[in-house]
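Chemist: I'd like to ask you about the structure that follows.
Rule-based calculations on the coordinates, nothing more; no lab input. Please read these numbers as outputs of a predicted model, since none were measured by experiment. Cβ sites come from the backbone with ideal geometry, for glycine too, and all protein chains shown count toward neighbours.
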Amino acid sequence: MIEIEQFPCLSDNFGVLVHDEKNGRTVSIDAPEAAAIETALSRRGWHLTDILVTHKHFDHIDGLAPLKDAYGCAIAGPKAEAEAIGMLDEELVEGDVYKAGSLAFSVIETPGHTLGQINFHCPQANALFAGDTLFSLGCGRLFEGSAADMFASLEKLKALPPQTHLYCGHEYTKANADFALSVDPGNDALKLRADQVLVLRAEGMPTLPVTLEREFAANPFLRTSDPAIRAGLGMEDADDVAVFAELRARKDRF
C-alpha cells in the first residue's frame, strides 16, 4: 500500500511524503522545512529514507542538512543544479528512474522556473510531483528559463495520464484562479474549480491534489490553443509559445 501525506510548510509551501508500507521506504519531495517534515513523519510513525529535490531554491532545500543529519537519508536531485544544491548523493537527468524500494520515480526535466528543475512522475502512486513547474490553475514564474522553455516543459506534463494527481510546491490556487478567470471567463470547468477552491480555503483545506484532467480543462497555461483565450488576448493567429508568453507576462503584472 502506498500512502501520500501532504502538509503545509513555511508560509505557503507544501511538504509531501510518499510512503510504501510494504518495505517501509518514505520519500520526501523537496525539503522546505525540516521541523514540519519531522512532525509529519512522527505523526505517521514513518522513517525518512529518501529526499527527491526538484530545484535549487532555498524554500525547497532548506531542510536538507538537518534531515540528513537526523535520518541519514539518501538525497537525489537535478544534475544541472547539483553544485547549487550541494548535498546530492545521486544526480538525476531526463529519463532516469529513481528507485525507492518498489517505488519508481521517473525524472522529467522541466526548465523554466529554473533552468535545471526536474519533476517526478510516480505511476504506482498515480502522482506527479511538479515542484514549481506546474501549479493548479497556474505555472511557475520564469526566473531563469524562457517562455519557450516553460511551454515545452508543460507539453511534457500534458502527455501524462489525465487521471494523474498533481502535487506541487505551493498553495497558490486561489490567486491563480483569480487570474485564470480574467483571461478565460467563460470556461465552466474553470468556474467550477474556482468555486471549489473558495470553499476549500474557507474551510482551511488544501486545494491539492487535483487531477491533471481537471487542469487540462481549466488551467489557461495548458490551454494556449483555446480559441476563447486567444480571442480575449487578441492573439487569434499567434503561435502557442507567443500566447503562453503573453499569459505569463499578464500573470506577472496581475
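Chemist: Under a Cβ-Cβ cut-off of 15 Å, what is the net charge of the residues other than HIS47 that fall near it, where Lys and Arg count +1 and Asp and Glu count -1?
Modeler: Overall, the nearby charge balance is -2.
Chemist: Placing +1 at every Lys and Arg Cβ and -1 at every Asp and Glu Cβ, with all other atoms neutral, what dipole size does the chain have around its Cα centre, in debye to the nearest 20?
Modeler: Dipole about the Cα centre, nearest 20: 480 debye.
Chemist: Let me ask something else about it. For every other residue with a beta carbon closer than 13 angstrom to the beta carbon of ASP89, add +1 if it is Lys or Arg and -1 if Asp or Glu, then tell me the sum.
Modeler: Details: positive: LYS68, LYS79; negative: ASP50, GLU90, GLU91.
In short, -1.
Chemist: In addition: Provide, as a two-decimal number, the C-alpha radius of gyration of segment 1-137 over 2.2 N^0.38 Å, N being how many residues it has.
Modeler: Relative to the 2.2 N^0.38 Å estimate, segment 1-137 comes out at 0.94.
Chemist: Taking R0 as 30 Å, what's the FRET efficiency between GLU3 and ALA228 from their Cβ-Cβ distance, rounded to 0.05? Could the numbers behind the result be given before it?
Modeler: On the way: r = 40 Å, r/R0 = 1.32.
Computed FRET efficiency for GLU3 and ALA228: 0.15.
Chemist: Nearest 0.05, what FRET efficiency do ALA202 and LYS22 give at R0 = 35 Å with Cβ-Cβ as r? Mind dumping the intermediate values first?
Modeler: On the way: r = 38 Å, r/R0 = 1.08.
Plugging the Cβ-Cβ distance into 1/(1 + (r/R0)^6) gives 0.40.
Chemist: Please give the direction-averaged projected area of the C-alpha convex hull for segment 80-144, in square nanometres with one decimal.
Modeler: Convex hull of Cα atoms, orientation-averaged projection: 4.9 nm².
Chemist: Rounding to the nearest 20 debye, state how big the charge dipole of segment 58-124 is about its Cα centre with +1 on each Lys and Arg Cβ and -1 on each Asp and Glu Cβ.
Modeler: Values: 3 positive and 11 negative charges, 44 e Å.
Magnitude of the dipole: close to 220 debye.
Chemist: In the neighborhood of ARG141, defined by Cβ-to-Cβ distances under 9 Å, what is the net charge if each Lys or Arg adds +1 and each Asp or Glu adds -1?
Modeler: Taking every Cβ under 9 Å from that of ARG141, the sum is 0.
Chemist: Run the numbers for ASP12 and THR211: contour at 0.36 nm per residue of separation, minus the present Cα-Cα distance, in nm.
Modeler: My answer for the length gained is 69.6 nm.
Chemist: Here is a follow-up. What lysines does LYS79 reach when the alpha-carbon gap must be under 28 Å and sequence neighbours fewer than 8 apart in one chain are set aside?
Modeler: The reachable lysines, counting only those whose Cα sits under 28 Å from LYS79, are LYS56, LYS68, LYS99, LYS156, LYS158.
Chemist: At R0 = 35 Å, how high is the FRET efficiency between ASP240 and SER106 if r is their beta carbon distance? Nearest 0.05 is fine.
Modeler: 0.90
Chemist: Quick check: pseudo-label points 7 Å beyond the Cα along Cα→Cβ at GLN163 and ASP252, how many nm apart are they?
Modeler: In this crude spin-label approximation the distance works out to 3.9 nm.
Chemist: Taking a spot 7 Å from the Cα of PHE58 along the direction of its beta carbon, which residues of segment 1-38 have an amide N less than 20 Å from it?
Modeler: Backbone N within reach: 9-15, 30-37.
Chemist: May I pose another question? Mind putting a number on the dipole of segment 1-148 about its Cα centre? Charges go on the C-beta only, +1 for Lys and Arg and -1 for Asp and Glu, and I need it in Debye to the nearest 20.
Modeler: 300
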